[in-house]
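Input: a single structure, listed below in structure tokens.
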Amino acid sequence: MPIFVDDKTRYFHLNAGRSSYIFQAIEEGYVAHWYWGPRLAPEWPADRRALLVSRPFAPVTSPDYDWLSLDTVPQEYPGWGRGDYRVTAIRVRNAQGNDVTDLTYVGHDVLPGWSCPQLLPHVAGQSQTVGGPQTLAVRVQDRVTKLAVTLYYSIDDDLSVVVRWAHLENQGTERLRIEQAWSASVDLPYGRWHWLQLPGHWGRERHLEWGELLTGTHVVESIRGTSSHQAHPFLALTEGAPSETHGAVYAMHLIYSGNFMAVAHKDPYGSVRMGMGLHPAFAWTLEPGESLDTPQVVLAYAGQGLEELSQTFHTLYRTRLGVNPWRDRLRPIVLNSWEAMYFQVNHRDMVELARVAADVGIELVVVDDGWFDGRTDDRRALGDWRSHPEKFPRGIKAVVDDIHELGLQCGVWVEPEMVSRDSDLYRRHPGWCLGVPERPLSEGRHQLVLDLTNSAVIEWIIDWLTALLRDTGIDYVKWDMNRHLSEVGSRGWPAHRQAEVAHRYVLGLYQILETVTQRFPHVLFEGCSGGGGRFDPGILYYMPQIWTSDNSDAIDRLAIQYGTSLLYPPVAMTAHVSAVPNHQHRRVTPLATRGWVAFSANLGYELDLRQLTARERDAIRRQIQWYKRLRPLVQFGTFYRLANPAIDQSGAWMFVDDRCQEALVVWVNQLAEVAGPVRWLRLRGLRPDVGYRVVDVSDFGAGNDQGIWGGDRLMGQGLPWSFDQDFQAKAWHLVAIPDKEARGHE
Ligand code: DGJ
């Protein structure tokens, strides 16, 4: 069994994949953290005093244990105000106005299955392991305030992850105000730690960044109301500088789409604490009997670098995040109207475009922004979700029908969380927006944010979305969100609950998504927020693919997709071939390069195919034929990063199938060098004892056979190429040859 408990010593040992996680309720009931790292056999060490050192100026909570200070003991869920001066996990203000929060052990339970916080997305789904997932629930309590906290630890023994969250319940008789409640905290031993994060901005999301953790606090946070383009709810610590293939990595990733904070703190003695959860800008009132669940955070350990970490996250998210049937299905190749027509979409052009799309092999056409009444630009009409009478005189259903007639599926764009001032909805319900009294409302992209904490608003959104999906036969929805929150308040809540609004907004969003995605399980939902501004596991739970970035330039996409792949499998990232000069910054790249970059994720197109030459259309037809052939490999194979475009002159990656019989290698150059060197790209994930037929498919043609290469040679020496053009792409398709064929004799 993966959870071992010694009741006598109150010692807990969790084995998850290649990792173990160990803690214990020690003297006075404090829950001390002992270990997180490579898998260990369960045993009960006799003496762990060496782990507890007393320090000058470190208060002790009891004279009976003058060697035990909360300032030095490693802990599972550290409280506030009793002498632990590091960052803490929970802070609760009581009716007397003080915020001392002191949690000690009460009991524990071992439960079957995953544990799931109420109203929040979570890890679920079928496990492959015998016995399946298990949960350890450890109950702690503040004996003064009677705040009861259950710390949940869920594991499945085939993955090196521990999924943690906390359930807080006021079991006392007085009102409590939760001012901070992380999902998890963990203390790591002294070491030369580096932090690793994924910052960005609009058009430049999730770029890998790292640095040495020095004394003090390293913070990753969003207070924008969404996980945001700027920050990602992820933080890892690596032993030494991060590497793809070696060194231990300890990561936290929050399954949540709103404000969050992640912290790595190194105290002056060199001990390190890492924690993550709801941003402390929030506060939540718990009346007696009330409770609050924190979002889940995934703690992932990898002993062999970022590649192992990514493969753990990819497997977890591909197989156990969400219950949407689309999670496990191959995804259709999409043509999106946005960069083709912007707001000028109309019935005739959409059907014409769809006809060309069908001819090149596209499978689904999306009518992006601009299809609804009054929407001529981004200044108006959000909220008026009925078809535009001039652009779609027979309604959106007629265009869906006509596109279906062509043998294609059809999708539409929506932005349900927003309202334009110039809209019937706003004129009817000006009070349905987030806002605070006496302050003007800031606009973002000329729009206001609907109050998703208001049940009337939630009901209205569910109703119109239900009607739209029920009455039109739409197969796909692109769910956009084009601004961050400001003046975060709601007229529906009393003063002492206004600090709950940002979190309640996210809960309202999840309620809508839960209802609508369950009602229409056949509809494929794609998340979007001005590109990848809300690309997080909370959204992925409901929408199994997300628009990675509004930046569709193939060269900028190298680093965006590279960073995103740290946590998300390629099938989760949508990527489109767009026109040149590129609409974001006018760069001109070859069609094949745009093809290979988009091909390396969830492929789509976003350009006016009617404007292309017959030759270009033919090239796209060949891209699509190859994608259809290799789609299972790309969407559900194992992904390896080979060269980091932010550091190297090129970006490279590869996909390998489960049995190591087939692989695809893609290598994209940035700027060419005059008389540059021959470079060797070392491959990964192949079988060293197997021979592979290597076919150069860079031009998406029939392929140029390069003969048979041993897996050992491909991984040890690599594939050679000397790039002589800017933005050139190389791609090789590898197929294992049957055993009887000799290696290296062609
Ligand atoms: C932002 C999205 O990221 C784009 O793809 C497009 O859908 C526009 N919004 C439409 O307004």
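The values are calculated or read from the model by the stated rules, or taken from the named source; none is laboratory data. Quantities reported herein were computed from a predicted structural model and do not represent experimental measurements. Ideal geometry is used to build each Cβ from the backbone, glycine not excepted, and the neighbour counts take in all protein chains shown. Accessible surface is based on the protein model in full, side chains and every heavy atom, while ligands, DNA and RNA are left aside. Shrake-Rupley method; radii C 1.70, N 1.55, O 1.52, S 1.80 Å.
Being in a strand (DSSP E or B), in contact (Cβ under 8 Å) with a residue 60 or more places away in the chain and in contact with a Phe, Trp or Tyr (Cβ under 8 Å, 6 or more places away or on another chain) narrows it down to one residue among Val666, Val695; which is it?
Val666
Could you list all residues from segment 372-392 that are out of contact with any helix residue (DSSP H, G or I) (no Cβ under 7 Å at 6 or more places or on another chain) and within 12 Å of the ligand (Cβ to nearest atom)?
Selection gives Phe372, Asp378, Arg379, Ala381, Leu382.
Go through (1) more than 14 Å from the ligand (Cβ to nearest atom); (2) of a type in the set (Asp, Glu); (3) in contact with a helix residue (DSSP H, G or I) (Cβ under 7 Å, 6 or more places away or on another chain) one by one and return the number of the condition Asp369 breaks.
Every listed condition holds for Asp369 apart from (1).
Tell me which residues, restricted to segment 397-456, are among the β-branched types (Val, Ile, Thr), touching a strand residue (DSSP E or B) at 6+ places or on another chain (Cβ under 9 Å) and more than 16 Å from the ligand (Cβ to nearest atom).
Step one: list which residues in segment 397-456 are among the β-branched types (Val, Ile, Thr), which gives 399-400, 403, 412, 414, 419, 436, 449, 453.
So of that shortlist, the ones also touching a strand residue (DSSP E or B) at 6+ places or on another chain (Cβ under 9 Å) come out as 399-400, 403, 412, 414, 419, 449.
Correct list: Val399, Val400, Ile403.
Answer yes if at least one residue in segment 593-612 is touching a strand residue (DSSP E or B) at 6+ places or on another chain (Cβ under 8 Å), more than 16 Å from the ligand (Cβ to nearest atom) and farther than 21 Å from Ile546 by Cα, and no otherwise.
For segment 593-612, residues touching a strand residue (DSSP E or B) at 6+ places or on another chain (Cβ under 8 Å), more than 16 Å from the ligand (Cβ to nearest atom) and farther than 21 Å from Ile546 by Cα: present.
Determine, yes or no, whether Gly305 is within 16 Å of the ligand (Cβ to nearest atom) and over 18 Å from the mean Cα position of the chain (by Cα).
Values: within 16 Å of the ligand (Cβ to nearest atom): no; over 18 Å from the mean Cα position of the chain (by Cα): yes.
The answer is no for Gly305.
What tally of residues in segment 503-515 results from selecting those that are over 26 Å from Gly444 (Cα atoms) and over 19 Å from the mean Cα position of the chain (by Cα)?
Looking only at that region, the number is 1.
Quick check on Val523: is it of a type in the set (Val, Ile, Thr), within 16 Å of the ligand (Cβ to nearest atom) and touching a Leu at 6+ places or on another chain (Cβ under 8 Å)?
Spelling it out, it is not the case that Val523 is of a type in the set (Val, Ile, Thr), within 16 Å of the ligand (Cβ to nearest atom) and touching a Leu at 6+ places or on another chain (Cβ under 8 Å).
Looking only at segment 95-115, which residues are over 32 Å from the mean Cα position of the chain (by Cα) and open to solvent by 20 Å² or more (accessible area, probe 1.4 Å)?
The answer is Ala95, Gln96, Gly97, Asn98, Asp99, Val100, Asp102, Tyr105, Val106.
From the list Gln75, Gln118, exactly one residue is in contact (Cβ under 8 Å) with a residue 60 or more places away in the chain, assigned by TED's automatic domain parsing to the domain that holds His314 and open to solvent by less than 20 Å² (accessible area, probe 1.4 Å). Which is it? Write out each step before concluding.
On the way: Gln118 fails: open to solvent by less than 20 Å² (accessible area, probe 1.4 Å).
Just a single option satisfies the conditions, and that option is Gln75.
Looking only at segment 152-189, which residues are out of contact with any Ser or Thr (no Cβ under 9 Å at 6 or more places or on another chain) and crowded, with 23+ Cβ neighbours inside 10 Å?
The one that is out of contact with any Ser or Thr (no Cβ under 9 Å at 6 or more places or on another chain) and crowded, with 23+ Cβ neighbours inside 10 Å: Val186.
Which numbered condition in (1) open to solvent by 20 Å² or more (accessible area, probe 1.4 Å); (2) within 16 Å of the ligand (Cβ to nearest atom) is the only one that Glu290 fails?
For Glu290, the exception is condition (2).
For segment 637-668, which positions are surrounded by fewer than 19 Cβ atoms within 10 Å (Cβ to Cβ) and under 21 Å from the mean Cα position of the chain (by Cα)?
Of everything in segment 637-668, those that are surrounded by fewer than 19 Cβ atoms within 10 Å (Cβ to Cβ) and under 21 Å from the mean Cα position of the chain (by Cα) turn out to be Asn644, Ala646.
Suppose we filter segment 600-622 for residues that are more than 26 Å from Val345 (Cα to Cα) and assigned to a helix (DSSP H, G or I); how many remain?
Number of matching residues: 1.
For segment 233-246, state whether one or more residues are outside any strand (DSSP E or B), on the phi > 0 side of the Ramachandran plot and open to solvent by 10 Å² or more (accessible area, probe 1.4 Å).
For segment 233-246, residues outside any strand (DSSP E or B), on the phi > 0 side of the Ramachandran plot and open to solvent by 10 Å² or more (accessible area, probe 1.4 Å): present.
Residue check, Ala32 against (1) open to solvent by 10 Å² or more (accessible area, probe 1.4 Å); (2) in contact with a helix residue (DSSP H, G or I) (Cβ under 9 Å, 6 or more places away or on another chain), all met but one. Which one?
The failed condition is (1).
Just to be sure, is Glu209 charged (D, E, K, R) and open to solvent by 20 Å² or more (accessible area, probe 1.4 Å)?
Details: charged (D, E, K, R): yes; open to solvent by 20 Å² or more (accessible area, probe 1.4 Å): yes.
Against the criterion (charged (D, E, K, R) and open to solvent by 20 Å² or more (accessible area, probe 1.4 Å)), Glu209 qualifies.
I need a count of the residues in segment 461-502 that are within 16 Å of the ligand (Cβ to nearest atom) and within 25 Å of the chain's Cα centre (by Cα). Full working, then the answer.
Here is the first cut: in segment 461-502, the ones within 16 Å of the ligand (Cβ to nearest atom) are 474, 476-484.
With the extra rule that they be within 25 Å of the chain's Cα centre (by Cα), the set shrinks to 476-484.
The number of residues fulfilling the criteria is 9.
One residue is enough: does segment 526-541 have a residue meeting the conditions touching a residue at least 12 places away in the same chain (Cβ under 8 Å), within 15 Å of the ligand (Cβ to nearest atom) and polar (S, T, N, Q)?
Yes: one or more hits.
List the strands (runs of 3 or more DSSP E) inside segment 327-424, counting only whole elements, that have at least 1 residues being aromatic (Phe, Trp, Tyr), modelled with pLDDT under 95 and crowded, with 18+ Cβ neighbours inside 10 Å. Steps first, please.
Values: elements: 334-336, 364-367, 409-414, 418-420.
Fully inside segment 327-424 and qualifying: nothing.
Taking the criterion of being of a type in the set (S, T, N, Q) and either at pLDDT below 95 or in a helix (DSSP H, G or I) (or both), would at least one residue in segment 269-285 satisfy it?
Taking segment 269-285 first, the residues of a type in the set (S, T, N, Q) are 271, 285.
So of that shortlist, the ones also either at pLDDT below 95 or in a helix (DSSP H, G or I) (or both) come out as 271.
Checked against the condition, which is being of a type in the set (S, T, N, Q) and either at pLDDT below 95 or in a helix (DSSP H, G or I) (or both), segment 269-285 yields at least one hit.
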